[in-house]
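Reading through the structure tokens given below for one structure.
Taken together, the values in this text are just the output of simple stated rules run on the coordinates, not laboratory data. The shown structure was predicted, so the numbers you read here are calculated from the model rather than taken from an experiment. Don't worry about glycine lacking a Cβ; one is built from the backbone with ideal geometry, like all the others, and counts go over all protein chains shown.
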Number of protein chains: 2
Amino acid sequence: MPGSPVRGSKTGKPIMALFDLLGRNWSMGVLWILCTVGPLTFRGLQEQCEGISPTVLNMRLKEMRQADFITHTSDGYVVTAMGLELFAFLEPLGYWSLEWAEHLEKLNKELKEA
Amino acid sequence: MPGSPVRGSKTGKPIMALFDLLGRNWSMGVLWILCTVGPLTFRGLQEQCEGISPTVLNMRLKEMRQADFITHTSDGYVVTAMGLELFAFLEPLGYWSLEWAEHLEKLNKELKEA
DNA sequence: ATGATTGCTACTGATAACGTAGCAATCAAA
DNA sequence: TTTGATTGCTACGTTATCAGTAGCAATCAT
């Protein structure tokens, strides 16, 4: 959490705390799926995440609830207003990643020819 | 790399490959520092990253060079055009993370009072 | 009661990261 | 031409995190 030292940051700068949180395995994936697919149960999330282990999923859910990115309702797990704001930054990366993939393909092609 | 299965994604979707890469410890931090501080040597980066272990730093650098986000010149490690494009998405998170930190503080205050 | 679903926890490997030490290469003075 | 400083790493032992399977208590609808 921001303000207190975290894994990967002793300074407690919010941006580093955020990177630390998002930098854990499946953090961004879970947020992405909840935002693009909709509310999901624990087991529903597990399936969408290609069989993520329940241990890790539960840890990520706890962390992201503490960060107020998601919350647990009768519909299952849903993103909060804060989570949606964060997703707004991440969402354009979906399109960009396609260009990045193409760019890498070109690069590797050129390397083979040379 | 996009197109091939990666840790955390069997489908090879570029966005998941990107999340997998950025989701590793210090990936976003290294990119952030190179973009905000400027070209740095291996040891310079180590200091900026609060003493990241050389093993991990070297792994991240290799991965991010393969992803064409950074490259190694006589000035040290520098971001590529692709790396700058990616940073453009990440950079606004710096400001937003401050609001997020404030929001969390408020939330925790309310919890204490209640 | 029975079965299905949900939200987990426990346990055992495997993988990734940390942290210290140190080495070969380059350069620049002494 | 040694000496020292810097740079870009590698090796290695320890610790933390993740993966993968099993299973359990609670809820709900048959």
Exercise for the section: Could you list, in their original order, any pairs among A:Lys62/B:Lys62; A:Lys13/B:Lys13; A:Lys112/B:Lys13; A:Lys106/B:Lys62 whose Cα atoms are separated by more than 29 Å? Expected result: A:Lys62/B:Lys62; A:Lys13/B:Lys13
Handout entry: Cα-centre dipole for chain B with unit charges at Cβ (Lys and Arg positive, Asp and Glu negative), debye to 20
Key = 540 debye
Practice task
With a Förster radius of 22 Å, plug the Cβ-Cβ distance of A:Val37 and A:Gln66 into 1/(1 + (r/R0)^6) and report the FRET value to the nearest 0.05.
Solution key: 0.45
Completion exercise
Per-residue average of other protein chain Cβ atoms inside 10 Å, peptide B:103-114 -> 2
Exercise for the section: Using every Cα-Cα pair within chain A, state what percent have a distance larger than 22 Å. Expected result: 43 percent
Fill in the blank from the handout: Treating only Lys and Arg (+1) and Asp and Glu (-1) as charged, each at its beta carbon, one finds that the protein assembly as shown has a dipole about its Cα centre, in Debye to the nearest 20, of 740 debye
Exercise for the section: Please tell me the relative contact order of chain B in percent, rounded to the nearest whole number, where contacts are Cα pairs under 8 Å and at least six residues apart. Expected result: 19 percent
Fill in the blank from the handout: Note on the stretch B:47-114: the mean projected area of its alpha-carbon convex hull, in nm², is 6.8 nm²
Fill in the blank from the handout: In degrees, nearest 10, the alpha-carbon axis of helix B:92-113 is tilted away from the dominant principal axis of the alpha carbons of chain B by 30 degrees
Exercise for the section: Please report how far the C-alpha centroid of the stretch A:55-114 lies from that of the stretch B:60-114, rounded to the nearest whole angstrom. Expected result: 13 Å
Practice task
Starting from a label point 7 Å past Cα on the Cβ side, list the distances from B:His103 to the same position in the other copies, nm, shortest first.
Solution key: 2.9
Handout entry: Set of the stretch A:49-71 residues, backbone N closer than 18 Å to the point 7 Å along the Cα-Cβ line of B:Leu107
Key = A:58-71
Completion exercise
With the 8 Å Cα cutoff and a minimum separation of six or more residues, the stretch A:61-100 has a relative contact order in percent of 26 percent
Handout entry: Cut-off under 5 Å, modelled amide H: who pairs with A:Gly12 long-range
Key = A:Val6
Fill in the blank from the handout: By the Kirkwood definition, with r running over pairs of different Cα atoms, the protein assembly as shown has a hydrodynamic radius in Å of 18.5 Å
Handout entry: Cβ-based charge dipole, the stretch B:14-113, positive-most Cα from B:Ser53, B:Pro39, B:Gly29
Key = B:Ser53
